Every structure is written in C-alpha cells, then in structure tokens.
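> Here it is, the structure, as structure tokens.
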Amino acid sequence: AFHEDVKARGVLIVVEGLDRAGKTVQCQLLLEALQQRGHHVKYIKFPGNTTMKVCLGWVLKHACSDRNSLTGKIINGYLQGQAQQDDHSIHLLFSANRWEAAQRIRSDLSNGITIIVDRYSYSGAVYSAAKENPDLSLEWAWQPEVGLPRPDLLLFLSISAEETAKRGGYGEERYETNAMQSKVRHLFDRLLSMNHGHDIHLIDARFPVDQVAKDILNSTLGHLSERKPLETFAK
Ligand code: DGP
Ligand code: NA
Ligand code: NA
C-alpha cells in the first residue's frame, strides 16, 4: 500500500523570482496547461494575504493558502508599510506562514494533487538577508525552512533587477525598489548555487509571456512522472 501511495502522489513545483518577473501569470498558465493534460492541480501563493495586483480574480478563485491566517494579516500590514516589525520577527512570521500550509501541502500531494507554489522558502531567505542586518545572514534565514516539504522542481524566472524595473513603476510594497531588488537577485543566485538536492530550472524571463510559458511547460513535463517519495529541506 505504501508503494501505491508513493506512485500516486502529486508533484510539488515552486516558481521563484524577483518582484515582477512574471511568476503569478506563469503559475496561472502552467496550471491551465497541466489541467488540460488531465492533471489535478492546485495553486498556492506565499505569503498569504498580500495585495494581489496581478490576476486578482484568478488568484482569489484558485489560491488555497489561507489569506486570512493570523500571520497573513500581520505580513500584509508589514508589506504595506502600515506596521514596523523587527527583522527577525517578521522573518519568522513569513516562515510560519509557510508552515501553516505544510500539512495541507503534504496531504494534497499524497492525494495525487500537483501543487504549483508561487514563492516559497527561497524568497523567504533572500528577502530577509537582503536587508543586510548583520545578525541576519542568508544561512540564518534559511534555518526555519528546514523540514518544510522540498519541491520536486524549482523554476526560477531569471531576470535582472534592471529588466524588471523597466516593466513599469513598482507598486507601493516595502521591497519594491531597485536597490532592494538587485540585492535580492544576487542572494537568489547565491542560494540557488547551494545544493538543495532537487532540480532547478533557470527560465529566461525576459522573453514574451507565451515563450516563457512554453519553456516552463517543457521543463515541467519531464517531472510529472516522478515517483520518489516527498522529501523535506535538510539541515
Ligand atoms: P508578492 O505578493 O509575491 O509580490 O510578495 C510580496 C513581497 O514579499 C515581495 O516583495 C517578496 C516578499 N516576500 C515573499 N516571501 C517573503 C518571505 O518569506 N520573507 C520576506 N522577508 N519577504 C518575502
Ligand atoms: Na510584490
Ligand atoms: Na506575483
């Protein structure tokens, strides 16, 4: 029976990248493409309860993270600049927001549902480390992620901070400045070069939406028959 469960499990796919790399739109297109191929797919957006500027209606319809969770509300106020938080404290709240969803991710996967995750532990570590608080290194920032479900596939939408800045004015959110985004990009590169033991596909996100979507789908199709047990982020 154990082997039957493993065989039937869904695939955990994470999409990461800078603000305005196109993650949410690409998550939507991937979800639709996989559904058309007959897969049972869900979408989760982290952090929960942020202001959704892209595809608002679609996100609200499909997102299964708890947008009104306790941590989601605090994170939202922080991102909107309505509340100050100690760097470590808000870091742990972002992580807690992912831990709140961990059990549901596990059970959905074991029920054969493939999950597309819009930002995950990688954003968690790099956005906090980019603050250059001397007591908050990338290594420290990664630790609360240890033990969370490890994705089968990480799709990194690769684009420079300069390129995303050209995509129109940033919104009002706390981290949406050029200086912050270039630090974030640098730290993403550092974090991705550490071996997490899973596949990472760099997707060139400078191309038009349709081409990026094609690259993402091609990267994903090879992973849908994966039958290994779900792993967690190791120490
Ligand atoms: P988004 O709705 O995807 O644009 O995310 C909102 C902002 O929050 C974005 O600038 C990235 C940042 N962010 C996402 N996850 C985390 C996290 O775990 N920790 C920190 N510090 N920032 C995060
Ligand atoms: Na954002
Ligand atoms: Na987004």
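Here, each number is a calculation from the coordinates, and none is a lab measurement. Please read all numbers here as calculations on a predicted model, not as lab measurements. No Cβ is skipped: glycine too gets one built from the backbone with ideal geometry, and neighbour counts run over all protein chains shown.
> Run the helix sum for the chain: -39,500 (n - 2.57) per DSSP H stretch of 4+ residues, divided by residue count, reported at 222 nm to the nearest 500 deg cm²/dmol. Before the final figure, lay out the partial values.
Details: 10 runs with 110 residues, N = 235.
The helix-only estimate for the chain comes to -14000 deg cm²/dmol at 222 nm.
> Going by average Cβ density within 10 Å per residue, which order do the peptides 150-156, 100-106 take, highest to lowest? Spell out each step's value before the answer.
Details: 150-156: 23.1, 100-106: 16.7.
Ranked by mean Cβ neighbours within 10 Å, highest first: 150-156, 100-106.
> When the expected Rg is taken as 2.2 N^0.38 Å, what fraction or multiple of it is the alpha-carbon Rg of segment 100-235?
Details: Rg = 16.0 Å, N = 136, 2.2 N^0.38 = 14.2 Å.
For segment 100-235, the normalised Cα radius of gyration is 1.13.
> Please give, to one decimal in nm, the separation of the simple spin-label points placed at Lys228 and Gln211, each 7 Å out from Cα toward the Cβ.
The modelled label-to-label distance comes out at 3.2 nm.
> Determine, from the Cβ-Cβ distance of Ala102 and Lys166 and an R0 of 45 Å, the FRET efficiency 1/(1 + (r/R0)^6), rounded to the nearest 0.05.
Working: r = 36 Å, r/R0 = 0.81.
It comes to 0.80.
> Let me ask something else about it. What nm value, rounded to one decimal, do you get for the distance between Asp189 and Tyr175 when each label is placed 7 Å out toward the C-beta?
The modelled label-to-label distance comes out at 1.8 nm.
> Using only Cα atoms, what is the ratio of the radius of gyration of the chain to 2.2 N^0.38 Å? Don't jump to the answer; show the numbers that get you there.
Values: Rg = 16.9 Å, N = 235, 2.2 N^0.38 = 17.5 Å.
Working it through for the chain, the quotient is 0.96.
> What is the distance, in nm, between label points placed 7 Å from the Cα along the Cα-to-Cβ direction at Gln36 and at Ser110?
3.4 nm
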